Amino acid sequence: MDKTILSFCKLKSYCEQEHFKGWDPYDGLNSKVFQAIPFLKKSALCRLVVIQGFKRFPINLRKLALVPKEYNAKGIGLFLSGYCNLYHILQNHLEWSDELGIEDNIIDRINELAELLIHLQSKGYSGACWGYNFDWQARRLFLFPKYTPTVVATNFCFFKQKTAYEITNDRKYLDLALSAADFITKDLHRTPYQGGFIFSYSPLPGNDTVFNASLLGARLLSYCYHYTKKEEYALLAEQSIKACCAGQRSDGAWVYGMLPIQSWVDSFHTGYNLDALIAYQELTGDKSFQTYVDKGFNYYIEHFFDSDGTPKYYDNRTYPIDIHCPGQLLITLSRLHKMETYGSLADKVLDWTIRNMQDKKGYFYYQLKPGISSKISYMRWSNAFMFHAISCYLLNRHINQTF
């Protein structure tokens, strides 16, 4: 069996056995021990110490601290996307059914995950939206209580509901997805910038000027425009694109956000930006931002991958090597229709990742570091992301090949 198919099957088997539930790098505040100590919950410093301690410590303390394995909406959306890709792969290669599963089972899984996403959506907002299953605090700047919807989680869940509709023809999936436009336009606030604006990360104050979050909001509105032809969606998307492109450096890089503490340049958020820009162009027909795509992609390819296939986190140093970095390459090359041109790079990076970051049980490690690495299995961050990424690779790299 081809090594990529074998890797994917091992991952698929592991995730199905876990019923798509798991831990997350940022779920430390779900600890029942922590929740039982009231004064700790009220301290921003204590919350930050707990979150970062669980995230950074290479040994998994979650069983000891009574952190339950749970569903994460973004993770379920990524799994849903992967199964939708599997459906399309099997349309072309029924002979792979023994390895990847028969079509009827794949459709059943798509319906199961799509229904689960409906159940996991956050309530009380203008449209469909999703958040994370844990309290989340960035530095000491702000706290997002669990299930606070974010534009990032909503974008991933929206896209997967839309894809589920395209396979099952169940209109409720599309209607739910399209209602997410109301969440973007009515619940998020906007920061004016360079003749446009930046969408906030969530309806709550904090993380208001993050480029990838705003671009993902524009991406979602671009898809809604494609289905509804509501000019408002295209115009708002254009304004967000304009602001975020103004924030791109002359060399093609984007810093994470506009706050001084958000001045780093990393691999997978750059990929998010490029994916959103190409989606806007293709769905609205507006090609006026192509130079930003070209500059951004050139910077991405030239700064985040070593010659031996090692995926780098930052543009100026390698470690930590995060599983999102190789995964996002496969997604971005697929989304930008560059898998054929850069297929050898994709092959090399994926081979490196399977050899160095996949456990014999099938799951993928979180991060590698020069010292002790974090090889904990995280369902959303590592496994769901790589499930989606490898399915994109198989669909776009090997669809015309025989294993």
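FYI, it's all coordinate maths here, none of it is from the lab. These figures come from a predicted structure and were not determined experimentally. All Cβ positions, even for glycine, are placed from backbone atoms using ideal geometry, and neighbour counts span all protein chains on display.
General observations
- Pairs from Lys41/Lys69; Lys41/Lys63; Lys55/Lys338 whose Cα-Cα separation, in the structure shown, is over 22 Å: Lys55/Lys338
- Short-range pairs are left out: with C-alpha atoms under 8 Å and at least six residues apart, the relative contact order of the range 203-270 is 33 percent.
- Cα pair distances exceeding 18 angstrom across the range 183-250, given as percent: 30
- Taking a point 7 Å out from the Cα of Lys32 in the direction of its Cβ, the residues of the range 57-86 whose backbone N falls within less than 17 Å of it are 61-71.
- Calculated SAXS-style log₁₀ I(q)/I(0) at q = 0.13 Å⁻¹ - the chain, Debye, Cα scatterers: -1.16
- Unit charges on C-beta of K, R, D, E only; dipole of the chain, Debye: 1600
- Taken over the C-alpha atoms, the range 48-103 has Rg and Dmax values of 18.2, 51 angstrom.
- Rg/Rg_globular for the range 224-331, with Rg_globular taken as 2.2 N^0.38 Å and Rg from C-alpha atoms: 1.15
- Potential lengthening between His226 and Thr291 on full extension [0.36 nm per residue; Cα-Cα distance subtracted]: 21.1 nm
- The local environment of Glu103, defined by Cβ-Cβ distances under 13 Å, has a net charge of -3 under the rule Lys, Arg +1 and Asp, Glu -1.
- Around the Cα centre of the range 25-134, unit charges on the Cβ atoms of Lys, Arg, Asp and Glu (plus for the first two, minus for the last two) sum to a dipole of about 1320 debye.
- For the range 158-275, the Rg and Dmax computed from alpha carbons only, in angstrom: 14.8, 46
- Per-residue ³J(HN,Hα) for the range 25-39, Karplus 6.51 cos²θ - 1.76 cosθ + 1.60, θ = phi - 60°, Hz, x for Gly and Pro: x, 10, 9, x, 6, 7, 4, 5, 5, 5, 5, 7, 10, x, 5
- Here is how the number arises for the chain: DSSP H runs of 4 or more residues each give -39500 (n - 2.57), the sum is divided by the residue count, and the result at 222 nm is -17000 deg cm²/dmol.
- A Stokes-Einstein calculation at 25 °C with viscosity 0.890 mPa s, built on the Kirkwood radius of the range 9-106 over Cα pairs, returns a diffusion coefficient of 154 µm²/s.
- Taking the chain and dividing mean pair separation by its residue count, relative contact order in percent (alpha carbons under 8 Å, at least six apart): 18
- Around Phe304: net Lys/Arg minus Asp/Glu count, Cβ-Cβ under 14 Å: -4
- Amide H partners (placed H, <5 Å) of Tyr193, local residues excluded: Ile198
- Here the gap between Arg317 and Ala44, fully extended at 0.36 nm per residue and compared with their Cα-Cα distance, gives a gain of 95.2 nm.
- Full-extension gain in nm, Glu340 to Ile5, via 0.36 nm per residue minus C-alpha separation: 118.7 nm
- The simple spin-label model puts a point 7 Å past each Cα toward its Cβ; for Asp104 and Lys369 those points are separated by 5.0 nm.
- Over all other residues within a Cβ to Cβ distance under 13 Å of Leu330, the charged ones net out to +1, with Lys and Arg as +1 and Asp and Glu as -1.
- Across every pair of non-identical alpha carbons in the range 333-403, the mean reciprocal distance, once inverted, gives a Kirkwood radius of 13.3 Å.
- When the Cα convex hull of the range 35-161 is projected onto planes of every orientation, the mean area is 10.4 nm².
- Once C-alpha pairs closer than 8 Å and six or more residues apart are averaged by separation and normalised to the residue number of the range 308-365, the relative contact order reads 37 percent.
- In this structure the amide hydrogen of Gly309, modeled in the peptide plane, comes within under 5 Å of no amide hydrogen from residues 5 or more places off or on another chain.
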